[in-house]
């Protein structure tokens with residue numbers, strides 16, 4: 001049966017070293033077969049075809065090709081064929097021409113039965129002919145007086161037979177492993193000595209039976225099939241060991257390597273990379289929304305989907321790369337040799353594309369996305385355990401940020417030394433009042449007058465200067481600092497709003513809430529207390545909730561939004577269009593306005609009709625739900641006009657104003673409250 005995860009039946013590209021090698025070996029084998037067959041005249045072939053012994057041997061060789069003795073570490077179905085003693089007996093008894101012809105016929109039959117590609121079958125036949133030709137040549141050189149057909153070796157001639165067997169084994173191994181090394185793109189020495197001791201032992205046992213088979217051939221054809229019993233016992237015991245080894249090191253469902261084999265192989269590759277001075281890459285992949293398939297259609301359908309995706313992974317990487325299933329819907333790809341992070345990212349993007357193709361099962365199309373994390377040795381970790389951990393961190397960043405592929409970044413690793421250092425510095429900074437608020441105006445698109453402000457946090461770091469939220473918010477969201485941070489943002493913002501209110505300016509001021517802040521059960525009381533303390537009415541405070549926040553836990557987030565609405569504050573959905581939040585979900589939320597993310601609004605001026613239509617439709621539905629539509633990231637007059645034309649009532653972006661410090665806000669508002677264009 002054809003191995004579903006094998007890549008050896010994929011033909012090499014024309015002109016590649018592997019193609020040239022296989023073509024040359026196949027041509028050499030075919031030439032030797034043709035030359036040796038000249039020795040056999042038509043009459044001799046006819047006489048051989050009438051001999052029952054020849055047909056019995058042909059059957060034994062075919063059966064032996066289908067029953068190879070695999071070694072632990074090899075897949076079932078590979079290894080030394082139990083046809084070897086019969087083929088070598090043919091060389092001894094009849095000579096090369098008959099042995100080569102029978103072996104080629106058996107190779108073709110076995111190749112068809114096992115579903116091998118034609119190029120693979122042709123190469124296998126050729127390497128057999130070449131190795132048998134070497135054995136025949138050694139016999140002729142060491143025993144020049146032998147009669148080639150038929151010939152039974154005497155006791156003193158067994159040394160020559162042993163030398164011929166050793167030469168045949170050596171040539172066969174070199175021919176095959178050269179092709180394997182080129183196919184897997186690894187050095188020849190890496191595969192040449194792998195399992196050599198076991199292979200020598202097994203081949204020696206098989207070849208030692210050949211003289212006995214020759215003796216049986218001279219007495220009675222009925223003796224020859226009896227050798228199937230000891231060979232069958234040897235095959236069965238070896239197969240049992242291989243199956244146990246395979247089960248211990250491979251995933252039962254997909255046939256991929258499991259965590260145990262990944263660990264062993266990765267440690268070995270890291271050790272070798274340490275000696276060679278190169279890089280090893282590790283990719284961790286997690287299927288998005290796979291749980292929905294299992295929950296909706298059942299585990300049998302989910303299992304078939306995993307098997308299909310496993311085959312796609314195998315055929316999307318190099319033969320030398322290792323694909324493993326870690327459990328559930330999580331996979332790992334080990335790249336034993338990778339140039340740099342960019343090369344590893346190319347592999348990740350190729351895998352993402354392969355898995356993104358819809359899978360059709362039971363009349364339905366399944367369209368799954370994958371989140372991939374990348375880590376490299378020695379760039380990101382000094383050993384496999386840490387490499388695994390950091391690839392895992394990168395994968396969860398890719399999943400959380402919905403980017404699909406992420407390389408390990410210490411700044412996003414909440415367990416890294418840099419992250420811990422930043423945590424300590426931020427905690428100290430909050431205690432020392434290092435948090436600053438910048439304000440960006442929001443304007444009415446009809447007359448460009450200011451209609452609100454968004455408060456944006458900045459951290460005045462003692463060494464690195466002014467840091468934006470991208471640089472420190474991951475630390476806030478994954479630590480116990482989020483309550484202190486939210487409290488300070490509210491205090492600073494509302495204190496400033498109260499001051500502006502005394503000066504006659506009552507523009508609503510918005511602050512942003514993350515996932516943990518929104519789901520904090522104490523948040524409503526914190527907001528209410530801050531409003532009372534600073535004397536700011538609730539309608540002058542707007543809380544902005546990102547789309548990603550609502551997606552992570554929709555039920556809890558909806559309940560939290562309801563509690564905040566009860567306070568009387570304004571509520572805005574921020575960054576709409578960056579995730580999978582639907583307008584149907586939007587209809588169930590008590591929101592005042594929706595901010596359309598800049599990646600979405602940019603489609604209004606990208607020259608594509610489809611993009612413009614999609615944005616226009618989304619804005620129309622937002623307005624139909626009774627909410628205001630706000631365009632974010634407006635960088636040009638063209639985009640401002642397009643947003644107004646599409647139905648947005650207001651907008652925010654650098655075209656109107658960049659974020660500014662608090663003392664500049666009143667001056668800017670006074671200058672632009674007349675509707676004068678910027």
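Laboratory data are not the source of any read-out in this text; all were calculated from the coordinates shown. In this text, all values refer to a predicted model and were calculated from it rather than measured experimentally. Here the Cβ is made from the backbone with ideal geometry for all residues, glycine too, and neighbour counts use every protein chain on show.
Some values worked out for this structure:
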{"read-out": "Global geometry of the stretch 230-274, whether rounded, prolate or oblate, following the gyration tensor of its Cα atoms and the 1.5 cut on a/c", "value": "oblate"}
{"read-out": "Read-out Cα extents along the principal axes in Å, derived from the coordinates shown; its label in (i) 118, 50, 42; (ii) 143, 66, 54; (iii) 212, 77, 51", "value": "(i)"}
{"read-out": "Cα→Cβ-extended label distance, 7 Å offset, between residue 533 and residue 49, nm", "value": "10.2 nm"}
{"read-out": "Virtual paramagnetic centre 7 Å along Cα→Cβ of residue 436, amide N under 19 Å, in the stretch 446-484", "value": "454-473"}
{"read-out": "Nearest-ten-degree value, helix 341-356 long axis tilted from longest Cα axis of the chain", "value": "90 degrees"}
{"read-out": "Nearest 10 degrees, 0 to 90: helix 52-65 Cα axis against the chain principal axis", "value": "20 degrees"}
{"read-out": "Fraction of beta bridges assigned by DSSP in the stretch 259-408 that are antiparallel (%, nearest 5)", "value": "90 percent"}
{"read-out": "Alpha carbon centroid spacing (whole Å) that separates the stretch 149-190 from the stretch 592-609", "value": "69 Å"}
{"read-out": "Taking the chain and dividing mean pair separation by its residue count, relative contact order in percent (alpha carbons under 8 Å, at least six apart)", "value": "9 percent"}
{"read-out": "Stretchable slack from residue 16 to residue 628, in nm (0.36 nm times residue separation minus alpha-carbon distance)", "value": "214.2 nm"}
{"read-out": "Antiparallel %, DSSP beta bridges [both residues in the chain], to 5", "value": "65 percent"}
{"read-out": "In range of the label at residue 645: residues from the stretch 610-633 whose backbone nitrogen is under 15 Å from the point 7 Å along Cα→Cβ", "value": "610-617"}
{"read-out": "Likely footprinting exposure, 526, 601, 46, 549, fewest C-beta neighbours within 10 Å first", "value": "46, 526, 549, 601"}
{"read-out": "The stretch 259-408: equivalent-ellipsoid semi-axes (sqrt of 5 x gyration tensor eigenvalues, Cα, Å)", "value": "28, 15, 13"}
{"read-out": "Full-stretch length increase - residue 409, residue 170 - with 0.36 nm per residue and alpha-carbon distance subtracted", "value": "81.2 nm"}
{"read-out": "Whether the stretch 324-426 is rounded, prolate or oblate, judged on the alpha carbon gyration tensor where a/c under 1.5 counts as rounded", "value": "prolate"}
{"read-out": "Structure-based [θ]222 nm, the chain - -39500 (n - 2.57) summed over DSSP H runs of at least 4, per residue, nearest 500", "value": "-17500 deg cm²/dmol"}
{"read-out": "FRET E, pair residue 401, residue 59, Förster distance 60 Å, beta-carbon r, rounded to 0.05", "value": "0.45"}
{"read-out": "Shape box of the stretch 17-249 [Cα atoms, principal axes, largest first, Å]", "value": "50, 39, 34"}
{"read-out": "Paramagnetic reach from residue 267 (point 7 Å along Cα→Cβ, amide N under 19 Å) across the stretch 179-208", "value": "195"}
{"read-out": "Inter-probe distance in nm under a simple model that places probes 7 Å from Cα toward Cβ, at residue 558 and residue 244", "value": "5.5 nm"}
{"read-out": "Percentage relative contact order, the stretch 200-340, counting C-alpha pairs under 8 Å, at least six apart", "value": "26 percent"}
{"read-out": "Whole-number percent relative contact order across the stretch 628-678, with pairs defined as alpha carbons under 8 Å at least 6 apart", "value": "37 percent"}
{"read-out": "Whole-Å semi-axes of the stretch 202-246's equivalent ellipsoid (Cα gyration tensor)", "value": "26, 12, 4"}
{"read-out": "The chain: angle of helix 158-184 to the longest principal axis, Cα-based, in degrees nearest 10", "value": "20 degrees"}
{"read-out": "Residue order, fewest to most surrounding Cβ atoms within 10 angstrom, among 315, 119", "value": "315, 119"}
{"read-out": "Spin-label pair residue 339/residue 24, simplified geometry with 7 Å Cα→Cβ offset, distance in nm", "value": "2.6 nm"}
{"read-out": "Ranking of 193, 576 by count of other Cβ atoms within 10 Å, fewest first", "value": "193, 576"}
{"read-out": "Extension gain, residue 112 back to residue 660 (0.36 nm per residue minus Cα-Cα distance, nm)", "value": "189.8 nm"}
{"read-out": "R0 of 45 Å, Cβ-Cβ distance residue 491-residue 346: FRET efficiency to nearest 0.05", "value": "0.40"}
